[in-house]
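Colleague: My questions all concern the structure below.
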Ligand SMILES: *Cc1c(COP(=O)(O)O)cnc(C)c1O
């Protein structure tokens, strides 16, 4: 079984590039160049240097002793929360900005929902001195004021998307429109393993540093580079794909992807894509998405902004359909409780996204000595308002 992209841009039944004709030249330029450019020694050197000196990699693989005792297994946390800007998203934006420079681009655009990807993009644009325009739904701009301020301070222009529901999908449409109008000088940095080929593959390659490091660290700490389980939360699926990447062909490693059930899978307020979705086309690729019987995208819901997405990347759809990975879901309440537990047992306040992955440990049955790696995709500073309201702090 091939779990990676084929030369036509597909993962089994999923993937491809479903784009308007006007976008074809931009996407084609990227498709023809991305692998060659990424594999150049000079690119690899600069990418790894920045990951080390600017992002602070390798991120530690931390054996969480008290959680391990509680669950009866060795629980390792892959500390993406310690990265510069507080999450895994910077791994991807560093990679894409180096690629954009090598393609001669001088202007960067991005879409953002909660603003985390917008901040990661504005950060690398400041780092390299490139013009940065971030599209963000008007409603999200109101809801996420601190991230809007960060982007502005970093020198980015934040453009409100005022159509439709004034949220992420409308911001994505605006970014696409911008790219069509500026095909020569502009690169569009997509923030997850979604979008038309080659984005899902490109983003997963940049994020694969997570599992590359994990294997080395496990070997040092346990004597084997194969854990029994790896867990990660899934919005679009980039931290999960980075965490799974170098384990995908090790069939002895069980891959667990944790989606956001929101208020419950059957509640009408959920983002549990594999539980609720059907096959279809979203944001340029064929995948699984939440939709009505006549194919309209259903508005997703999760308390965690990063998981509030109606689809998953095409590689995830393939891992789901082939049963290579197990897809489960966790409710808002379960995730918040797991966030508090991790905070009080390990002294680590996780992002609510990452707390979804931690929450699934409660539902697993361990025999006693399994090695379990959980991707702690980000830190919880950005979520303090939500934690405070829920726990009455
Ligand atoms: C954005 C984000 C996610 C969700 O995005 P993926 O592409 O699914 O990884 C998860 N965790 C954190 C901390 C995020 O900021």
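Colleague: Compute the long axis of helix 24-39 from its Cα atoms, compare it with the longest principal axis of the Cα atoms of the chain, and write down the angle in degrees, 0 to 90, nearest 10.
Modeller: Here the helix axis deviates by roughly 50 degrees.
Colleague: Rounded to whole Å and sorted largest first, list the principal axis extents of the Cα atoms in region 169-313.
Modeller: Sorted largest first, the three principal extents are 51, 45, 24 Å.
Colleague: Continuing with this model, one more query. Exposure proxy check: 82, 168 ranked by fewest other beta carbons within 10 Å?
Modeller: Details: 82 18, 168 26.
Fewest to most other Cβ atoms nearby, the residues stand as 82, 168.
Colleague: Next up: Run lengths n ≥ 4 of DSSP H only: what is the helix-derived mean residue ellipticity at 222 nm for the chain, with -39500 (n - 2.57) per run over all residues, to the nearest 500? Present the calculation step by step, with values, prior to reporting the outcome.
Modeller: Details: 16 runs with 162 residues, N = 393.
So the calculated ellipticity at 222 nm is -12000 deg cm²/dmol.
Colleague: A further question follows. Scattering from the C-alpha atoms of region 22-180 alone, worked out with Debye: what is log10 I(q)/I(0) at q = 0.14, 0.18 1/Å?
Modeller: Calculated log10 I(q)/I(0) at the listed q: -0.80, -1.10.
Colleague: Quick one: pull the percentage of alpha-carbon pairs in region 67-145 with a separation above 18 Å.
Modeller: Values: 1600 of 3081 pairs.
Taking all Cα-Cα pairs of region 67-145, the fraction more than 18 Å apart is 52 percent.
Colleague: Follow-up question, since we're still on this one. For the chain, max minus min Cα coordinate along each principal axis, in Å, sorted largest first?
Modeller: Computed over the Cα atoms, the extents are 57, 46, 42 Å.
Colleague: Subtract the Cα-Cα distance of residue 1 and residue 45 from 0.36 nm times their separation in residues, and report this length gain in nm to one decimal.
Modeller: Numbers: separation 44, 0.36 × 44 = 15.84 nm, distance 3.22 nm.
Working it through step by step, the gained length comes to 12.6 nm.
Colleague: I would also like to ask the following. Give me Rg/Rg_expected for region 255-393, where Rg uses Cα atoms only and Rg_expected = 2.2 N^0.38 Å with N residues.
Modeller: Working: Rg = 15.5 Å, N = 139, 2.2 N^0.38 = 14.3 Å.
For region 255-393, the normalised Cα radius of gyration comes out at 1.08.
Colleague: Here's something else I'd like to know. Which whole-number percentage describes the relative contact order of region 64-213, with Cα contacts under 8 Å and a sequence gap of 6 or more?
Modeller: On the way: 224 pairs, mean separation 36.5, N = 150.
Taking the mean separation of contacting Cα pairs over the length of region 64-213, I get 24 percent.
Colleague: Now for a separate question. Which of 248, 312, 90 has the fewest other C-beta atoms within 10 Å, and how do the rest follow up to the most?
Modeller: By the 10 Å Cβ count, ascending, the order reads 248, 90, 312.
Colleague: Can you list the residues of region 179-200 with backbone N under 15 Å from a point 7 Å past the Cα of residue 157, pointing along Cα to Cβ?
Modeller: 179-183, 185-187
Colleague: Angle check, please: helix 168-181 long axis (alpha carbons) against the longest principal axis of the chain (alpha carbons), in degrees 0 to 90, nearest 10.
Modeller: Once rounded, one gets 30 degrees.
Colleague: Using the basic label-point model (7 angstrom from Cα toward the beta carbon), what is the residue 292 to residue 36 distance in nanometres?
Modeller: 4.7 nm
Colleague: For region 1-83, calculate the relative contact order in percent as a whole number, restricting contacts to Cα pairs under 8 Å that are 6 or more residues apart.
Modeller: Working: 47 pairs, mean separation 13.2, N = 83.
Relative contact order for region 1-83 comes out at 16 percent.
Colleague: Grab the beta carbon distance between residue 343 and residue 21, set R0 = 41 Å, and tell me the FRET efficiency rounded to 0.05. Before the final figure, lay out each step's value.
Modeller: Details: r = 50 Å, r/R0 = 1.23.
After rounding, the FRET efficiency stands at 0.25.
Colleague: What is the spread of the Cα atoms of region 143-238 along each of their three principal axes, largest first, in whole Å?
Modeller: For region 143-238, the Cα spread along each principal axis is 53, 31, 26 Å.
Colleague: Can you compute the FRET efficiency between residue 323 and residue 384 using 1/(1 + (r/R0)^6), with r the Cβ-Cβ distance and R0 = 41 Å? Round to the nearest 0.05. The partial results should precede the final answer.
Modeller: Values: r = 38 Å, r/R0 = 0.93.
The computed FRET efficiency comes out at 0.60.
Colleague: For the chain, find the longest principal axis of its Cα atoms and tell me its angle to the long axis of helix 332-346, 0 to 90°, nearest 10.
Modeller: So the helix axis and the longest Cα principal axis differ by about 60 degrees.
Colleague: Find the relative contact order for the chain and round it to a whole percent, using C-alpha pairs within less than 8 Å whose residues are 6+ positions apart. Intermediate results must be reported in sequence, preceding the final value.
Modeller: Values: 828 pairs, mean separation 77.7, N = 393.
RCO, the chain: 20 percent.
Colleague: Taking 0.36 nm per intervening residue step and subtracting the Cα-Cα distance, what contour gain separates residue 145 from residue 127 on full extension?
Modeller: On the way: separation 18, 0.36 × 18 = 6.48 nm, distance 2.25 nm.
Extending this stretch completely gives an extra 4.2 nm.
Colleague: With r as the distance between the Cβ atoms of residue 29 and residue 70 and R0 = 51 Å, compute the FRET efficiency 1/(1 + (r/R0)^6) and round to 0.05.
Modeller: Numbers: r = 51 Å, r/R0 = 1.00.
According to the calculation, E is roughly 0.50.
Colleague: Which of 167, 106 has the fewest other C-beta atoms within 10 Å, and how do the rest follow up to the most?
Modeller: 106, 167
Laboratory data are not the source of any read-out in this text; all were calculated from the coordinates shown. Note that the structure is predicted; figures quoted are calculated from it, not measured. Virtual Cβ from ideal backbone geometry, glycine too; neighbours counted across all protein chains shown.
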